[in-house]
Amino acid sequence: MRCEIFSIETRMEEGAGEAVTELLSGVDFENTKHQKVISNGYGPYSGSFANGYTCINKRNGYRGSEQNGHVLASSDEECTSKKGPIKNRYIKSTLKEPTPKTRILKESFEPPTLLTAALTHISFYILMFLGYLSQALFPPKIVKEKNRDGYLPLFDRFASFYSRYVYRRIRDCWNYPICSVPGNEVVLKNRVTNDNGWTFEFTGSKTKCLNLASYNYLGFAENSGPCAEFAIESIYKYGVTTGGTRQQYGTCDLHVELEKLTAEFLGVEDAITFGMGFATNALNIPTLLSPGCLVISDEKNHASLILGIRLPGATVKVFKHNDVKHLEQILRESIYKGQPNQGGVYKPWKKILIVVEGVYSMEGTIVRLPEIIALKKKYKAYLYLDEAHSIGAMGKHGRGIVDYFGCDPKDIDILMGTFTKSFGSAGGYIAGTKELIDFLRKNSFASKHAWAMAPPVAAQIIAVLKILMGRDGTNEGQKRIETLARNTRYFRRRIEQMGIIIHGNEDSPVVPILVYLYSKIAAMVRTLIKEKIATVGVGYPATPLMEGRIRICLSAAHTKEQLDYALDVIEKVADELGLKYSRKPINPEPIDYDKIKVYVD
């Protein structure tokens, strides 16, 4: 039995509650954002559903039914099953009246001028034209595949063309080999090309650079100290591999200790670890999904998430980056319509999974987590949070975006993160309820088929976790967390004072400097290396055509003197290349590094 149309439309219009819809009204997602984000609070709901659950709203006494399996939940509802009370942690978690918390989000997305946009397009088209001309007049021997009659081309034609005639021209800006620990400084192995980027030869010399390119957020990428010593000690006891998968004699006591510490650090029941961060997403998400499930994914999600989402054959819908209004719209429409028409019958979704990241590594933005938690509660969806770039790097205690907003970690169904950034190691984890983790231990492709994390890698992570949790008897972990936060705010404010456009949140250690033109990406990377500063240039197709950038990654290992040197050089290069595109008013007051406040309640 279905609800009356009026009742359904009324419920859909109510959305996710006043706390969210009021917050989002009048928000301009294209320009600078200074917004309050409410960490909880939600609105009315009523209805009963095809899965046998009946919900009664105390406010208006309305009782109805809906055949779409994923529905709203509210603190004002009593939900019962035909077979008895529903044992659902979402419903339980909403029985208490929430206490709203707020945090001011300061994020900047200043667009370029019309002239800059026009020049960027023109320069790219010229580059493409020269590439096609070069390919037509001087085709290299490797362009055509031989002895492939009857076969489709092994490589996509445009991808091959772009790699050979566009990317190749500035290939020297990428893939630099290093020969040192990627700490606050890094040693590059010098190379030259004598054939315009087709091949490279090492010169035998090296260049020591200030490292603004590595994800060494907390500075634990070290070759000395307690973490390195513990990792070295583990080699003598366990060797460099356990020689198998986790299910086939590949688990050692270091893995057990690491998972226990990870769960305790995150404030959840249990955790499981894996040997590769990319595989943590790509090989575990397919275990949780199947055809008939719906995934709603942020358009800026990482390639590992996209691959994992595509593999199980679930339906995928994409919402605009960090646009909670668009996410809510997709949720409402998807719940109302159910699965696509199959022979005239609309079926409810098996489950709806929202997939987001904590810090977006190319944008420098921070997920609007409190609002998304509110939405997922209202629409009874599941939430998958990738904390690869935020765990350790964000929050008063280094516990990621959940810690940054003061949210309850139990409100996130699947907490994922990696140990490759803040922990100076490798691998990844998934954390949550014991029921979830037990399921993954038995069914995950990464648990059944992928090689177990190497013991020295696990030992490094354990040592870092103990430092962050204060188990080493010092406050070294807290000092590093606060130093990273202070370095981030200082660097971002100084860059803005120069009139350079940067994107992202003021607390994000990922700082994209917008340079737009391909030629300026190459010129800046090459000039900074000459000045002994290592950075990463990023352009199309890794970013939109109009958003070529230099990505800076800050670290707790950077000293103020090192940051000042980098800032002085960047300002000099920006003057030479004409990178001061910003039209925002500039505050000329000097920034006192020592007086910058971080994580003040």
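The values are calculated or read from the model by the stated rules, or taken from the named source; none is laboratory data. This is a predicted model, so every value here is computed, not measured. Note: ideal-geometry Cβ built from the backbone for every residue, glycine included; neighbour counts use all protein chains shown. Side chains are part of the model used for accessible areas, which takes the heavy atoms of the whole protein and leaves out ligands, DNA and RNA. Shrake-Rupley method; radii C 1.70, N 1.55, O 1.52, S 1.80 Å.
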Response to the item:
Largest-first ranking of K146, K347 by accessible area, probe 1.4 Å, whole protein assembly kept, is K146, K347
Discussion item. What distance in nm separates the two pseudo spin-label positions at R526 and T203, each 7 Å out from Cα along the beta-carbon direction?
Written reply: 1.3 nm
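What is the calculated FRET efficiency for K260 to D323, with r their C-beta to C-beta distance and R₀ = 41 Å, to the nearest 0.05?
Numbers: r = 38 Å, r/R0 = 0.93.
Efficiency for this residue pair is about 0.60.
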Worksheet item: Which pairs in the list K260/K410; K434/K466; K410/K479; K530/K572; K479/K560 are over 19 Å apart, alpha-carbon to alpha-carbon?
Response: K434/K466; K410/K479
Worksheet item: Please state the relative contact order of the stretch 124-189 as a whole percent: Cα pairs under 8 Å, 6+ residues apart?
Response: 27 percent
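For the stretch 463-561, what does the relative contact order come out to in percent, with C-alpha contacts under 8 Å and a separation of six or more? Write down the numbers at each step before the final one.
Values: 128 pairs, mean separation 26.3, N = 99.
Dividing the mean separation by the residue count of the stretch 463-561 yields 27 percent.
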Fill in: Built amide H within the under 5 Å cut-off of V536, gap 5+
R551
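Counting only C-alpha contacts under 8 Å and six or more residues apart, can you give the relative contact order of the stretch 511-550 as a whole percent?
On the way: 52 pairs, mean separation 21.2, N = 40.
Here the relative contact order equals 53 percent.
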Discussion item. If you count only protein heavy atoms and use a 1.4 Å probe, how large is the accessible surface of V536, to the nearest 10 Å²?
Written reply: 30 Å²
Fill in: Residue-by-residue Karplus 3J(HN,Hα) for the stretch 242-257, coefficients 6.51, -1.76, 1.60, Hz, glycine and proline x
8, x, x, 7, 5, 8, 10, 6, x, 9, 10, 5, 5, 5, 5, 5
Practice prompt. Could you compute the FRET efficiency for N190 and Y346, with r as their C-beta to C-beta distance and R0 at 60 Å, rounded to 0.05?
Written response: 0.45
Practice prompt. Please work out how much accessible surface E299 shows to a 1.4 Å probe, ignoring ligands, DNA and RNA, in Å² rounded to 10.
Written response: 100 Å²
Discussion item. With a 1.4 Å probe and all protein chains left in place, how much of the accessible area of the stretch 499-601 comes from carbon and sulfur atoms, in whole percent?
Written reply: 53 percent
Practice prompt. Would you check the accessible area of I232, probe 1.4 Å, heavy atoms only, in square angstrom rounded to 10?
Written response: 80 Å²
Practice prompt. Please work out the Cα center distance from the stretch 166-225 to the stretch 382-438, rounded to the nearest Å.
Written response: 30 Å
Discussion item. Can you compute 3J(HN,Hα) from phi for each residue in the stretch 382-387, using the Karplus curve 6.51 cos²θ - 1.76 cosθ + 1.60 with θ = phi - 60°, rounded to whole Hz and x for Gly and Pro?
Written reply: 9, 10, 10, 10, 8, 9
